[in-house]
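Student: To start, I am sharing the structure in question, which I have written as structure tokens.
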Protein chains: 4
Amino acid sequence: MAGSTFGTIFRITTWGESHGKALGVVVDGCPAGLALTEADIQPYLDRRKPGTSQITTQRKEDDQVEILSGTFEGFTTGTPISLMVRNTSQISRDYSDIAGYYRPGHADYTFDQKYGFRDYRGGGRSSGRETAGRVAAGAIACKILGKLGVHICAYTRSLGPIQADMDRFDRDAIRHTVTAMPDYQADAAACAYLEEIKKATDSVGGIMECRVEGLPAGIGDPVFGKLDAGLARAIMSIGAVKAVEIGDGCAVSGRLGSSNNDAFRIRTGTDAQVTKATNHAGGILGGISDGDQILIRAHVKPTPSIYLPQDTVNREGQEITVQIKGRHDPVIVPRAVVVMECMTALTILDAMLLNLSARMDSLEQFYL
Amino acid sequence: MAGSTFGTIFRITTWGESHGKALGVVVDGCPAGLALTEADIQPYLDRRKPGTSQITTQRKEDDQVEILSGTFEGFTTGTPISLMVRNTSQISRDYSDIAGYYRPGHADYTFDQKYGFRDYRGGGRSSGRETAGRVAAGAIACKILGKLGVHICAYTRSLGPIQADMDRFDRDAIRHTVTAMPDYQADAAACAYLEEIKKATDSVGGIMECRVEGLPAGIGDPVFGKLDAGLARAIMSIGAVKAVEIGDGCAVSGRLGSSNNDAFRIRTGTDAQVTKATNHAGGILGGISDGDQILIRAHVKPTPSIYLPQDTVNREGQEITVQIKGRHDPVIVPRAVVVMECMTALTILDAMLLNLSARMDSLEQFYL
Amino acid sequence: MAGSTFGTIFRITTWGESHGKALGVVVDGCPAGLALTEADIQPYLDRRKPGTSQITTQRKEDDQVEILSGTFEGFTTGTPISLMVRNTSQISRDYSDIAGYYRPGHADYTFDQKYGFRDYRGGGRSSGRETAGRVAAGAIACKILGKLGVHICAYTRSLGPIQADMDRFDRDAIRHTVTAMPDYQADAAACAYLEEIKKATDSVGGIMECRVEGLPAGIGDPVFGKLDAGLARAIMSIGAVKAVEIGDGCAVSGRLGSSNNDAFRIRTGTDAQVTKATNHAGGILGGISDGDQILIRAHVKPTPSIYLPQDTVNREGQEITVQIKGRHDPVIVPRAVVVMECMTALTILDAMLLNLSARMDSLEQFYL
Amino acid sequence: MAGSTFGTIFRITTWGESHGKALGVVVDGCPAGLALTEADIQPYLDRRKPGTSQITTQRKEDDQVEILSGTFEGFTTGTPISLMVRNTSQISRDYSDIAGYYRPGHADYTFDQKYGFRDYRGGGRSSGRETAGRVAAGAIACKILGKLGVHICAYTRSLGPIQADMDRFDRDAIRHTVTAMPDYQADAAACAYLEEIKKATDSVGGIMECRVEGLPAGIGDPVFGKLDAGLARAIMSIGAVKAVEIGDGCAVSGRLGSSNNDAFRIRTGTDAQVTKATNHAGGILGGISDGDQILIRAHVKPTPSIYLPQDTVNREGQEITVQIKGRHDPVIVPRAVVVMECMTALTILDAMLLNLSARMDSLEQFYL
């Protein structure tokens, strides 16, 4: 079955393996008339590019994106936008060792069970490198959302025991810290911590968060089309994510209704603009946006590739002990933050496009 | 847009409001030749039926399901199965009071913003009563899964501060306790706690868990079709769920790779059957089942309907204080457990049907 | 797989068999705020109702539609509209004879091959009675289209050798003639012809046409989303249709480009409104509407149920000769005309809803 | 909206414009384990390649396909197969003339109306060149079908007044004649006829047919998922097709039931293998294959690009007369035949994959 397509109206289809010739995405359903060049997309890819700091894999990839179709004289035409990133550093080593056994925490075993064999070079399609296509497509979604007044921002909330302090939240820090934390002090502590982890040839997990600002109320659909359901799918589809929270998330299960409900209020200085006194709900009620900030949190497991010896089995069904070589990050989160931002953008934009047909009066306004 | 359809091959479409004439579901894509009568479905509906204990709303509904199509001489024919439950207790009171304001924690405001108005009787389509259709369809999915050796079991893990003790896990208790806890001691404590909550005219949240046993390895698809992504969407689409975890879930974000990876082992007493020494992953690696138990956890917010006075605004844009009347549960979890079980079943079954076409050799075996 | 759902945004799911308890449809994605009662739908169902004239089956069905959900105080709410028609005349005879063999021209054999058995009462799901759900849903689509200035009209073009004369085209005649022809003279000739066919215990085929007026230019999508491709699927999905033409259809294959191209012109009396000198294209160029009349033509085979003796085989694999009893029409077309009208409406409306997101400027206008 | 995706399980997404950098397709849902290299695909592309004879455009394109992902060591892996064809001859002329007006019979006007502007170079996305992606994907579908015993063969039935004689049907001729006719005599006559048409600077239409052999009974779904409905959409989505017939097609509308029904028979020399005495139905009954040959016919309009002077309007709303320059075929059919073959293959294969889940017994056989 076709698991590589996402979205109903703004629909993307990604392709490519870690060590194939290239990776890419086809974006179908992008509205016509958006100014778009590679320069709009490249900065997003650069944020997830390997080899940029001490805490990322040393694999060198330029990750230069090429627009192959769907634009004309600098504007989108409404037809599919094909984006491609060539792999340039994929032939650097021999993977025959990992071909024969199943790396713990990876998808080696499950791909073999499903398909009968697998592309074992660097994880093939199950590699985090697959997200290049999502990010390229997400960059377009972010640009459109920006034009509609919707802004999305993801960041590292914690790495292992080191947490960013939200009282020191600094949006600029996200792009300037190695960890993508919004807090320079926490970033420094996290970098020191990660050095230790690297020395211990181990890895660590972390938490990332994403905020959506400026989304009008009324976006999302009832029942299975709930905006939070769509976001949960989108974020959980990022490799290594094991939990997704909306708003106060897990904390609500221990709460009383009297302290968890957000009172509606009239925004100060306005006549009748509705707002909420608190935002435990994370901007979504009954699956539909309420005009408040959307807050999503994702828990990411430690990089499964570690240099320490591990017990596993080989394809012949023997128990063995292995030590995995190769290039890998001690933590996934800092590079995954932009993926979370992009998956959120893709989900939100598609919901906004679907929402255009919610009411007869707007239909009549459009066509009459 | 059409948010009431779920699934690709085994596809359900639910309909109905809390206080309309009826609720129902159309199940399309059910394989032909399954023995099916109302008696297969009714017990699932009975588990979510209101009015059965002190901790559920006192609304009286029989929730008798009727099969309107899709079976012949007791077997499914492969054509759509239409299931309907008539509302019988829906006209008991006057809703004109809540028509004019937005209940905190409910979807009143967001529905109004999206559609311009709403069916305010008992929440309309955003009512938990909407899940009757999901449960009726899920009962069919559970029956099919059972025939394929896959068993699904959801239960209450905690209610407010009261947690079930997994060392006392007792599957029978789930159906016999008022709270759907798998632990009689915790159930007793929880019932006492809920009495206090009711007296305080407040409500409380809780945690529910779901286990899938017997699922073969290889189910789920890469990238956006990941089994955990599908489950996250399915479970987050249940009203009041604010967080979804797979396996160890949130706990992984604080872990080291060396302690989070599950070592592959050969199952004792077998030649080459692969298993895992631990199951931090919750039975899913790279979005595909690994043959181990699938574990999903959902955090449910307190019932937003409480009798305490609350601040809110009305449709005229004035700040007011309200006290909500009517019948509601002090906690949602015990009745939502069967909904979680059914949404899990629908997701798992659809993934198993999609998996039929994963390999050329099975295609050839089927057609040659 | 789920073949009973049609449409992307305005999405319908039909259910029910010829001789089951009821038939129906769930309409999901209907915009909120449309005035809607049973009285909007019933006239469409009445047009395909059996037992109304000498040329239709004598089965008596009231075909009273009931709205079970999705409206509130007379307006659509944006949530699924469930429509049901009870079967009342379905238990009138013994079908055990046709259970054992395959009626020529029917789906008996193919259903058995696919599903292993079938509901043989009156054709089960393959009965023309299945279209009740389509028509009920199509009535809603027609009402919405009417509010957007789009009008759809289907009629009988020919029955066997008797053709309506387009020079005598009279829209009122369609609803007043037994044959649904737009020409009273042809209707009279056709009725006489059909009397002969009935006496000969035979049946006959015919042609139906459908015109869409008022559709703006720009509706439909390139490549697989072409408006004519969608219409072809929609119309070919009506049982007994064996060919679909758009505009001049089959005639174009013998033409020269110089006589088939439609010259663009400026509409007389306007400044710059584009029109075409001719409409060989039938209102669609490159899969997208050009603002002209859409013309679709469908060729319908003779009713396969005839009273004459026919050769066939039984389920035991023996060659036999049979004579089919029961109630059936000597011609399908007059009752299928409203089905064509409704399938066209469903296709056109969905394309119009999808078109809302075609351009950045309209997106910005909606959200800013 | 996203109109460039086709199929549910075997799902393709095409991209690219006539004069962009490249064209391509992503094939998602291809079963794993199929031997696949560029050599399997290239012959199909060569059949639609321009510049190969007197009756095709003189544009020179190598149309070399490149597999960018989805295979490993010569076999499909189950993950998306990305195929690309670079445009090499696209910058040869100045298109500024046609940018300003609407060519009759082309999609220029409708694209402008939909999107606000268009890529006017060679028709952009509405060019027949878009089908390169379909053909590349279809080649894979054909290979899979071949392994399942299903063979598809399309050919030119007529060009203008010149018809192939089915009594001289010669499968080899299809690949060896310039016209793709299965009849050398008709090919010779057609070539002479086309020379005249070229001299007259005009163009002509034609008919193509497609046969599917070896398809088992039971493929296709009831109601909207009918195999013929899917084929009608697939074939009508090919640019320039204005009518689609199944089996005897249009002819059935003038027939009596007694002569149109196909009698079921037991195949000579077998015990109980069901066959039909005739095949008016074209191998499909009730939307499901009956085991007989599937026959589809498509009517193709004359190439709209002709050198003769034509009346039209420009973007400024003025009536003008134009003469179109450039390279174009006097007839589309011979190069479209392989597109029809591929669209048929994509439809049939997807229906076969969907059919895997039709019955409980096959599900149990697969999983138990």
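The values are calculated or read from the model by the stated rules, or taken from the named source; none is laboratory data. Given the structure is predicted, the values throughout are model-derived calculations rather than measurements. FYI the Cβ positions are ideal-geometry reconstructions off the backbone, even for glycines, and counts take in every protein chain you see. SASA here: full protein model, heavy atoms, side chains in, ligands and nucleic acids out. Shrake-Rupley method; radii C 1.70, N 1.55, O 1.52, S 1.80 Å.
Student: Which GluC sites (Glu not before Pro) in the stretch B:45-148 sit in a loop by DSSP (not H, G, I, E or B) and have at most 10 other Cβ atoms within 10 Å of their own Cβ?
Tutor: Values: sites: B:Glu61, B:Glu66, B:Glu73, B:Glu130; in loops: B:Glu61, B:Glu73.
Qualifying residues, ordered by number: B:Glu73.
Student: Return the FRET efficiency for the residue pair C:Phe169, C:Lys147: r is the Cβ-Cβ distance, R0 is 25 Å, and the value is rounded to the nearest 0.05.
Tutor: 0.45
Student: Using unit Cβ charges (K, R positive; D, E negative) and no other charged atoms, how large, in debye to the nearest 20, is the dipole of the stretch B:126-246 about its Cα centre?
Tutor: Here the stretch B:126-246 has a charge dipole of around 500 debye.
Student: Mind listing the label-point distances from C:Glu364 to the same position on all other copies, shortest first, one decimal in nm, points 7 Å along Cα→Cβ?
Tutor: Here C:Glu364 shows inter-copy label distances of 2.8, 5.7, 6.2 nm.
Student: Can you check how the C-alpha radius of gyration of the protein assembly as shown compares to 2.2 N^0.38 Å, as a plain ratio?
Tutor: After normalising by residue count via 2.2 N^0.38 Å, the value is 0.89.
Student: Specify, for chain B, the residue whose C-beta is closest to the rotation axis mapping it onto chain C, with the distance given in whole Å.
Tutor: Result for the B and C rotation: B:Thr13, 2.
Student: How far, in nm to one decimal, is C:Gly269 from itself in the other copies if the label point is set 7 angstrom along Cα toward Cβ? Shortest first, please.
Tutor: 5.5, 7.2, 9.1
Student: I need the shape label for the stretch A:126-186. Rule: rounded when a/c is under 1.5, else prolate if a/b > b/c, else oblate, with a, b, c from the alpha carbon gyration tensor. Numbers along the way, then the final one.
Tutor: Numbers: a/c = 3.00, a/b = 1.38, b/c = 2.18.
Here the stretch A:126-186 falls in the oblate category.
Student: Further question on the same structure: With both partners inside chain C, how many of the DSSP beta bridges are antiparallel, as a percent to the nearest 5?
Tutor: 100
Student: Still on this structure: Kindly give the distances from B:Gly149 to its copy-mates, label point to label point, with each label point 7 Å from Cα along Cα→Cβ, as nm values to one decimal ordered shortest first.
Tutor: Shortest to longest, the spacings are 2.8, 5.7, 6.4 nm.
Student: If you don't mind, there's one more thing I want to ask. If you roll a 1.4 Å probe over the heavy atoms of the protein chains, what accessible area per residue do you get for the stretch C:85-204, in Å²?
Tutor: On a per-residue basis, 36 Å².
Student: Right, here's the next one. Would you grab the residues whose amide H sits under 5 Å from the one on C:Leu285? Only those 5+ places off in sequence or on another chain, please, with H modelled 1.01 Å from N.
Tutor: Placed amide hydrogens put C:Asp290 under 5 Å from C:Leu285.
Student: D for the stretch B:30-133, whole µm²/s, Stokes-Einstein with Kirkwood Rh over alpha-carbon pairs at 37 °C and 0.692 mPa s: what number?
Tutor: On the way: Rh = 16.2 Å.
Answer from the Stokes-Einstein relation: 203 µm²/s.
Student: Which of the trypsin sites (Lys or Arg not before Pro) across the stretch C:27-117 are loop residues per DSSP, with 16 or fewer other Cβ within 10 Å?
Tutor: For trypsin sites (Lys or Arg not before Pro) across the stretch C:27-117 that sit outside H, G, I, E and B with at most 16 neighbouring Cβ atoms in 10 Å, the list reads C:Lys60, C:Arg93.
Student: A follow-up question, please. Using only protein heavy atoms and a 1.4 angstrom probe, determine the accessible area buried between A and B, summed over both sides, in Å² to the nearest 100.
Tutor: Buried: approximately 8200 Å² between B and A.
Student: Relative to the compact-globule scaling 2.2 N^0.38 Å, provide the ratio for the alpha-carbon radius of gyration of chain A.
Tutor: Normalised by 2.2 N^0.38 Å, the Cα Rg of chain A equals 1.04.
Student: Please give the FRET efficiency for B:Leu308 paired with B:Ala35, using the beta carbon to beta carbon distance and R0 = 45 Å, rounded to the nearest 0.05.
Tutor: So the FRET efficiency works out to roughly 0.35.
Student: Right, next: What share of Cα pairs, in percent, lie more than 21 angstrom apart in the stretch D:104-256? Mind showing how you got there, number by number?
Tutor: Details: 7088 of 11628 pairs.
Value for the stretch D:104-256: 61 percent of Cα pairs lie more than 21 Å apart.
Student: Considering only DSSP states other than H, G, I, E and B, which chymotrypsin sites (Phe, Trp or Tyr not before Pro) in the stretch C:135-225 qualify as loop sites with at most 16 other Cβ atoms within 10 Å?
Tutor: Qualifying residues, ordered by number: C:Phe169.
Student: If one computes the Cα centroid of the stretch D:300-368 and of the stretch D:108-176, what distance in Å separates the two points?
Tutor: With the stretch D:300-368 and the stretch D:108-176 each reduced to a Cα centre, they are spaced 6 Å.
Student: Filter the DSSP H helices in chain A by two things, a Kyte-Doolittle mean of at least -1.0 and an axial alpha-carbon span of 30 angstrom or more, and list the hits by number.
Tutor: Those that pass (Cα extent of 30 Å or more, hydropathy at least -1.0) are A:333-354.
Student: Under Stokes-Einstein, with the Kirkwood radius over Cα pairs standing in for Rh, what whole-number D in µm²/s applies to the stretch A:297-357 at 10 °C and 1.306 mPa s? Spell out each step's value before the answer.
Tutor: Working: Rh = 15.2 Å.
Taking Rh from Cα pairs, D becomes 105 µm²/s.
Student: What is the Cα centroid distance between the stretch C:239-284 and the stretch D:202-222, reported in whole angstrom?
Tutor: 25
Student: With the Cα gyration tensor of the stretch D:249-368 in hand, give its eigenvalues times 5 under a square root as the equivalent ellipsoid semi-axes, listed largest first in whole angstrom.
Tutor: So the three semi-axes of the stretch D:249-368 are 46, 22, 14 Å.
Student: Rg to Rh for the stretch A:184-343: what is it, with Cα atoms only and Rh by Kirkwood?
Tutor: Over the Cα atoms of the stretch A:184-343, Rg/Rh equals 1.11.
Student: How large is the convex hull of the C-alpha atoms of the stretch D:145-214 per residue, in Å³? Don't skip to the answer; put the middle values down first.
Tutor: Numbers: hull volume 6.0 nm³, N = 70.
So the per-residue hull volume is 85 Å³.
Student: So, one more: Taking the Cα centre of the stretch D:26-159 as origin, work out the dipole magnitude from +1 charges on Lys and Arg Cβ and -1 charges on Asp and Glu Cβ, in debye rounded to 20.
Tutor: Its charge dipole is roughly 420 debye.
Student: For the stretch D:80-144, I need the span (max minus min coordinate) of the C-alpha atoms along each principal axis, in Å, sorted largest to smallest.
Tutor: The principal-axis extents, from largest down, are 45, 26, 20 Å.
Student: Could you give the semi-axes, largest first, of the ellipsoid that matches the stretch A:10-67, computed as the square roots of 5 times the alpha carbon gyration tensor eigenvalues and rounded to whole Å? Each step should come with its number before you reach the end.
Tutor: Numbers: eigenvalues 124, 44, 16 Å².
They are 25, 15, 9 Å, listed from largest to smallest.
Student: A follow-up question, please. Determine the per residue accessible area of the stretch A:215-320 with all protein chains present and a 1.4 angstrom probe, expressed in square angstrom.
Tutor: Working: 3000 Å² over 106 residues.
Here the per-residue accessible area is 28 Å².
Student: What full-extension length gain, to one decimal in nm, is calculated for D:Glu66 and D:Gln293 as 0.36 nm per residue of separation minus the Cα-Cα distance? Can you show the working numbers first?
Tutor: Details: separation 227, 0.36 × 227 = 81.72 nm, distance 3.38 nm.
Taking D:Glu66 through D:Gln293 to full extension adds about 78.3 nm, to one decimal.
Student: Counting only protein heavy atoms and using a 1.4 Å probe, what share of the accessible area of the stretch A:186-313 belongs to carbon plus sulfur, as a whole percent?
Tutor: The C+S portion of the solvent-accessible surface of the stretch A:186-313 is 53 percent.
Student: Net charge near C:Gly287, counting Lys/Arg +1 and Asp/Glu -1 over other residues with Cβ under 12 Å of its Cβ?
Tutor: Net of charged neighbours comes to +1.
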